[in-house]
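Readers should treat all values here as calculations from the given coordinates under stated rules, not as data from a laboratory. Because the structure is a prediction, the values reported are computed rather than measured. With ideal geometry, Cβ positions are generated from the backbone for all residues, glycine too; neighbour counts draw on all protein chains shown.
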Amino acid sequence: MIGIIGGTGFYNVDLFGESEQIDIQTPYGDVSMMKGKYAGEDVYFLPRHGFTHGRLAYQVTHHANIDAFRQLGVKRILATVAAGGISEHCNAGDLVLLDQFINFHTTHYTFGKMSLDMTEPYCAQLRGVLIEQAKRLGYPMHETGTYLSFDGPRYETAAEIRAFRTLGADVVGMTNAPEAILAREAGICYSAVVIVTNKAAGLSSDEPDLKAHSNMVKQNSEKVQKLLCAVVEALPQQRTCRCQEWYDRAVAARA
Ligand SMILES: [Zn+2]
């Protein structure tokens, strides 16, 4: 059983032969997602911003989304994320597999009463399989990347981007830290592949534009879907990472 969260421009998956919409009630709001099967595995697909990008980043109900996966018993989530490129090597159309984030959100994203180890915020096993399958398919992908996550909904200033670069951020966006934090708090393995949509503010003459960002993702969507399919097929059933251990330790500490 595996969950997929699609970012901007990634509103459906063709990997299911047949799928059905399911609605899940959570204490944080209702969540709709698609349920299908791939390679004998139950796969749940959730477009982060809704099926038609009806929700801007600050309106995304991260608590509800992750809680819905938790209720379904999903233990692994693969996410796609649209983000602006900050570091020199992160350019429009590039794929970046995140290994770190910097959280600049002013909202507290937590299910409460948990202090989790976030030294490695993304699941090592999922990351390993993503790297291995991208190589097998011949898709260039930056194997590490630091995501700077902030509230929005406005885009960044040029000075903020200069500061974020100094801090070591490779890409910038508005959703990924909350999702990674809440997944860890739910004991779910989580990994995220960024599709770089543009150069961030002040680094090029292009102005940020949601439609252009969606189009850049759509151009890369087939590639990313093939990558996700390959990962679903290749993932061993056994979890060999430390995500569950970190979760269990936090639960034990609060008892
Ligand atoms: Zn894990």
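At q = 0.11 Å⁻¹, what base-10 log of I(q)/I(0) does the Debye formula yield for the chain when every alpha carbon is treated as an equal point scatterer in vacuo?
Result of the Debye calculation: -0.54.
Mean-square fluctuation check for the chain, GNM, Cα pairs under 10 Å: which of TYR58, TYR147, TYR44 is largest?
TYR58
Take ARG70, ARG48 and order them by how many other Cβ atoms sit within 10 Å, fewest up front.
Numbers: ARG70 20, ARG48 24.
Fewest-to-most Cβ neighbours within 10 Å comes out as ARG70, ARG48.
Between ILE131 and GLU18, what is 0.36 nm times their sequence separation minus the Cα-Cα distance? Round to one decimal in nm.
37.9 nm
Where does each of ASP23, ASP209 land when they are ranked from fewest to most other beta-carbon atoms within 10 angstrom?
Going from least to most buried by this count: ASP23, ASP209.
Have a look at GLN59, GLN25, GLN237 and tell me which one the Gaussian network model of the chain (Cα, springs below 10 Å) gives the largest fluctuation.
Most flexible of the set in this elastic network: GLN237.
I want the local charge near ALA200. Using Cβ-Cβ distances under 14 Å, sum +1 for each Lys or Arg and -1 for each Asp or Glu among the other residues.
That sum, taken over residues with Cβ under 14 Å, equals -4.
Which distance in nm do the two modelled labels at ASP30 and GLN238 give, with both placed 7 Å along the Cα-to-Cβ direction?
4.2
Given contacts defined as C-alpha pairs under 8 Å and at least six residues apart, what's the relative contact order of the range 2-254, whole-number percent?
Numbers: 514 pairs, mean separation 68.5, N = 253.
Value for the range 2-254: 27 percent.
Grab the beta carbon distance between LYS223 and ARG55, set R0 = 35 Å, and tell me the FRET efficiency rounded to 0.05.
Efficiency at R0 = 35 Å is approximately 0.90.
Using a simple charge model, +1 on the beta-carbon of Lys and Arg, -1 on the beta-carbon of Asp and Glu, nothing else, what dipole does the chain show about its Cα centre, in debye to the nearest 20? Show your work: numbers first, answer last.
Details: 24 positive and 28 negative charges, 57 e Å.
With Lys and Arg at +1 and Asp and Glu at -1, about 280 debye.
Ignoring everything except DSSP H segments at least 4 long, calculate the 222 nm mean residue ellipticity for the chain; use -39,500 (n - 2.57) per segment, divide by total residues, nearest 500.
Numbers: 6 runs with 81 residues, N = 255.
Computed mean residue ellipticity for the chain: -10000 deg cm²/dmol.
Of the candidates PRO140, PRO47, PRO178, which one comes out as most mobile in a Gaussian network treatment of the chain with C-alpha springs shorter than 10 Å?
PRO140
If each residue's Cβ is checked for other Cβ atoms within 10 Å, how do THR106, THR175, THR144 rank with the fewest at the top?
Ascending Cβ contact count within 10 Å gives the list THR106, THR144, THR175.
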